[in-house]
Amino acid sequence: MSLISGIETVATELAENMNTADAQMEALTADRDRLFTIIQDNREEVLLAALRNPSLDSRHLLALLKRRGIGVVISAIYARKPLIEASAVKLALVAHLDTPPSIAQTLLPLLYIFDLLKLCLIPGVSADIRLAAERKIVQQIPTQPLGNKLTLARRGTAAILDALLREGVQNIIEICLDNPHLKEGSLHQFLMSSHASAENVSLIARSSRWKSRPNIRLAILKNPRTPLIWFTTFLPGLPVATLRDLLASPRLSFAQKELVRQARTHSHT
């Protein structure tokens, strides 16, 4: 490198450093409106300076946390506890792909239940974080008021719906049946459990989404609490082998088995 080019390089670096220093000072002192522009700067030093600006609030942080490649800045935000008091900021930090797992796992228990639900539904959230959020919601379900449970039934994931089904509350189950996240295997398991009362079975048997599914119909017919009307509705047309298996089931009542016997007799005629 020639002496001239070396001098030019040093001069350029000094100019850049001076520009950065000026930008840092502006980041420290800018008003609220100007801060929205400053947090789009690509220099870490400038962003870190902006975090110390007294005018910085949760709106600036949420805008900043929409950016990628800001892992150092995220750690700095977490280190300044007054910056993460807002629940929306905690959620944005936990959901951010650049947030270190240790920080995300520390903040996750501090989220409200519907923030946890949002976290489960945000595309791109890591599987570990989503699973942890689901587990936290499931743990809290027994103590939630009915209104919260109804909302969870409408919007919850498959794991959340499984927990809600196990509670056996009729109006909650009715909403779960329309949730697109509900899996057939979960509903089948519920029908085979002690939580499926006669009323709950009838809800499922009347559901336009589920009543025509062969595995669900069979699970309904294997439940000892299933009202007899569903035997007269679903038995016609079943294979003889299926009717024989139903007759051999120790779970069915005498009246239920009598209807199965009649259906088997008609299938032979």
Quiz item: Pairs under 8 Å by beta carbon, first residue polar (S, T, N, Q) in the stretch 237-255, partner surrounded by fewer than 15 Cβ atoms within 10 Å (Cβ to Cβ), six or more apart or different chains?
Solution: SER253/PRO224
Quiz item: For the stretch 119-159, what are the residues that are in contact with a Leu (Cβ under 9 Å, 6 or more places away or on another chain) and polar (S, T, N, Q)?
Solution: SER126, GLN140, GLN144, THR151, THR157
Exercise. State which residue pairs qualify: first residue in contact (Cβ under 8 Å) with a residue 24 or more places away in the chain and under 16 Å from ASN148 (Cβ atoms) and inside the stretch 114-130, second residue part of a helix (DSSP H, G or I) and of a type in the set (Ser, Thr, Tyr) in any location, beta carbons under 9 Å apart, and separation of 6 or more residues or different chains.
Key: PHE114/THR151; ASP115/SER87; LEU117/THR151
Practice problem: May I ask you to list the residues in the stretch 101-118 that are farther than 21 Å from THR157 by Cα and loosely packed, with under 13 Cβ neighbours inside 10 Å? | Solution: PRO101, SER102
Quiz item: Taking the stated definitions as given, is THR233 of a type in the set (Ser, Thr, Tyr) and part of a helix (DSSP H, G or I)?
Solution: yes
Self-check item: Selection count where residues are within 18 Å of the chain's Cα centre (by Cα) and surrounded by 18 or more Cβ atoms within 10 Å (Cβ to Cβ), scope the stretch 72-88
Solution: 0
Self-check item: Subset of the stretch 236-269 that is assigned to a helix (DSSP H, G or I) and β-branched (Val, Ile, Thr) - its residue that is nearest to the chain's Cα centre (by Cα)
Solution: THR242
Quiz item: So, of the residues in the stretch 119-136 that are at pLDDT 95 or above and among the small types (Gly, Ala, Ser), which turns out to be nearest to THR157 (Cα to Cα)?
Solution: ALA133
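Sort out for me the helices (runs of 4 or more DSSP H) sitting completely within the stretch 11-129 that have 1 or more residues that are of a type in the set (Ser, Thr, Tyr). Walk me through how you get there before you give the answer.
Numbers: elements: 32-38, 44-50, 58-64, 71-79, 87-95, 101-107, 113-121.
Result: 32-38, 58-64, 71-79, 87-95, 101-107.
Within the stretch 89-100, can you find the residues that are of a type outside the set (D, E, K, R), over 25 Å from HIS181 (Cα atoms) and surrounded by fewer than 18 Cβ atoms within 10 Å (Cβ to Cβ)? Break it down into steps so the answer makes sense when it comes.
The first filter runs over the stretch 89-100 and keeps only residues of a type outside the set (D, E, K, R), leaving 89, 91-97, 99-100.
Filter once more, keeping what is over 25 Å from HIS181 (Cα atoms): 89, 93, 99-100.
PRO100 - this is the single residue of the stretch 89-100 that is of a type outside the set (D, E, K, R), over 25 Å from HIS181 (Cα atoms) and surrounded by fewer than 18 Cβ atoms within 10 Å (Cβ to Cβ).
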Practice problem: Those residues that are touching a residue at least 12 places away in the same chain (Cβ under 8 Å) and of a type in the set (Gly, Ala, Ser), I need them from the stretch 73-108; list them, please. | Solution: SER75, ALA76, ALA86, SER87, ALA88, ALA92, ALA95, ALA104
Quiz prompt | Failed criterion for ARG68 (all others in (1) within 22 Å of ARG130 (Cβ to Cβ); (2) touching a Leu at 6+ places or on another chain (Cβ under 9 Å); (3) surrounded by fewer than 18 Cβ atoms within 10 Å (Cβ to Cβ); (4) at pLDDT 95 or above hold) | solution = (4)
Quiz prompt | Unmet requirement for THR269, which otherwise passes all of (1) out of contact with any helix residue (DSSP H, G or I) (no Cβ under 6 Å at 6 or more places or on another chain); (2) of a type in the set (Val, Ile, Thr); (3) modelled with pLDDT of 95 or more | solution = (3)
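The values are calculated or read from the model by the stated rules, or taken from the named source; none is laboratory data. Computed from a predicted model, the values in this text were never measured in an experiment. All Cβ positions, even for glycine, are placed from backbone atoms using ideal geometry, and neighbour counts span all protein chains on display.
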